[in-house]
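Here's the structure we're looking at; comments come further down.
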Amino acid sequence: MNIPFSPPFIDQSVIDEVVHTLQSKWITTGPKVAALENEIVAMTSCKAAVCINSWTSGAILMLKWFGIKEGDEVIIPAYTYSATALAVLHCGAKPVMVDIGDDFCISPQAVYDAITPKTKAIIPVDIAGWPCDYDKLNAIITNRRILKLFVPETFEQQKLNRILLIADAAHSLGAKFDGVASAKKCDVTIFSFHAVKNITTAEGGCVCLNLPAVFDSIAEYRYLKMYTLNGQTKDAFSKLNGAGWKYDILFKGLKINMPDICAAIGLAQIRKYSSYLLPLRKQIALRYCNGFKNTSWFIQPPLIDSRRETSYHLFPLRISDITEEQRDKIIDDLTSMGVAVNVHFIPMPMLTYFKALGYRITDYPTTYKQFSCEISLPIYPQLSNEEIDFIIESVISSVQKQLTYSILPSVDLQTDKLRQVGIAS
Ligand SMILES: *Cc1c(COP(=O)(O)O)cnc(C)c1O
């Protein structure tokens, strides 16, 4: 078999939507982006949604919107994709990395302990699509001692008057919390529509606003749209449609708008997401759980509890009591059997750039523990039951092989024998 890790979902409706965009002769930001934003607002019930050209751009946008700059601190987990930290660094601020819990998500206690008068924002990450503990995180940012620590410096910071909570929801479009979209639990939620995510626009993302009532969401939406287009008063589409040729530049904006040709892909997908694509992902996750449940080593990823449900973006399998080296050998085995897998994530403190900045993996024991035994299995709507069963069998046989190796006579046993004959002490 040859099973890819995460191919994009491209059916006839996606192709039709893209062709329609091409034939309309309007390919950059316009009606398809507006339609995609409307779908996201309808799906999440957030107050506004602004599409951008990547999650990373969206994070830089919102950090800049909040006035985050040199000397500020933003708390993030050590266990995430590097974009979470890089967005903070691009704004000149310091990413303060903290450890995670056994559910892969940022540890609220570690967040609490890391807050200083320089802390301006927290970016929890919904790893694999599992929503973080937003109740605890919201309780922390509104805690009286923490509120007193906050030093507002810009207009937006004065208005909010507390730490900003931005969800890295790159994985969690469709995740639920208390029966509503988990995006409702944060001030700002940013989705990614990169090619491997649940919904894709090839490259892209979306900023969802759920700011407190002191903020006018419609005004903020308009301002952010302008921010994505160089701070320009009129976008190309409204100029085309008779709004006149004159425009103005009001501030130093970014150029991070999503083109319609990209939005078309996501638009066709999102229309069948809740009713079709997401349930298929869930079925696969449940088939994996069923396939592994009788093994002694299977650690089930968090999928559903009384309040939360994941978006089934990844299936982060964990194997109890194995080393990083054993995990790597299992991956080699699976690759040779034609099963493409991945690891989410290599902790940032293990990467060259972050090591050079002084981050040390020894400061994040749970992050390392989760990483060392994790293998992300393929999970996407196109997978057949035969393929899933083949993956399950392949994983079971390669894990068994590794576990058998580890109980074969080892150096220690030999030392025991030498001890018996009096040679070693
Ligand atoms: C994919 C991903 C990102 C970055 O998304 P882009 O759209 O590629 O910028 C950020 N955070 C996490 C956790 C991701 O998996």
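Each value in this text was obtained by applying a stated rule to the coordinates, not by laboratory testing. Quick caveat: nothing in here was measured; it's all calculated off a predicted structure. Cβ coordinates were reconstructed from backbone atoms using ideal geometry, including for glycine residues, and neighbour counts include every protein chain displayed.
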List the pairs from Lys47/Lys225; Lys32/Lys64; Lys176/Lys329 whose alpha-carbon separation is above 24 Å, in the order I gave them.
Lys32/Lys64; Lys176/Lys329
DSSP beta bridges in the chain, what fraction antiparallel, as a percent rounded to 5?
65
Hz values of 3J(HN,Hα) by residue in the stretch 367-374 - Karplus curve (6.51, -1.76, 1.60), Gly and Pro given as x:
4, 5, 4, 5, 4, 6, 10, 9
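Per-residue ellipticity at 222 nm for the chain, helices alone: DSSP H runs ≥ 4 residues times -39500 (n - 2.57), over residue total, nearest 500 deg cm²/dmol?
-12000 deg cm²/dmol
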Please go through the residue pairs Lys184/Lys252; Lys185/Lys401; Lys148/Lys185; Lys69/Lys136 and name each one whose alpha carbons sit more than 32 Å apart in this structure.
Lys185/Lys401
Provide the net charge surrounding Pro302, with neighbours chosen by a C-beta distance below 9 Å and charges set as Lys +1, Arg +1, Asp -1, Glu -1.
-2
Sorted from fewest to most neighbouring beta carbons within 10 Å, what does the list Met258, Met350 look like?
Met350, Met258
For Asp72, list long-range residues whose amide hydrogen, built 1.01 Å from N in the peptide plane, is under 5 Å from its own amide hydrogen.
Lys94
Proximal aspartates and glutamates relative to Lys25, as straight alpha-carbon distance under 15 Å, when same-chain residues fewer than 8 apart are discounted:
Asp16, Glu17, Asp260
Using the Karplus curve 6.51 cos²θ - 1.76 cosθ + 1.60 with θ = phi - 60°, work out ³J(HN,Hα) for each residue of the stretch 301-318 in order, rounded to whole Hz, and write x for Gly and Pro.
x, x, 10, 7, 9, 5, 10, 10, 9, 5, 9, 6, 6, 10, 10, x, 5, 10
Phi angles of the stretch 243-251, converted by Karplus (6.51 cos²θ - 1.76 cosθ + 1.60, θ = phi - 60°) into ³J(HN,Hα) in whole Hz with x for Gly and Pro, give 7, x, 8, 7, 8, 9, 10, 9, 7
Where labels lie 7 Å past Cα in the beta-carbon direction, separation of Trp245 and His90 in nm:
3.4
In the chain the cysteines whose Cβ sits 4.7 Å or more from every other Cys Cβ are Cys51, Cys91, Cys186, Cys206, Cys262, Cys289, Cys373
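Rounded to the nearest 0.05, what FRET efficiency do Gln109 and Asp305 give with R0 = 22 Å and r taken as the Cβ-Cβ distance? Could you check?
Efficiency, from the Cβ-Cβ distance: 0.70.
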Taking the number of other C-beta atoms within 10 Å as the exposure measure, put Trp55, Trp297, Trp245 in order starting with the fewest.
Trp245, Trp297, Trp55
Hits among aspartates and glutamates - C-alpha to C-alpha of Lys234 under 14 Å, sequence gap 8 or more where chains match
Asp248
Among all the aspartates and glutamates, which ones have a C-alpha under 20 Å from Lys118's C-alpha, if same-chain residues fewer than 8 places away are not counted?
Glu70, Asp72, Glu73, Asp99, Glu153, Glu156, Asp187
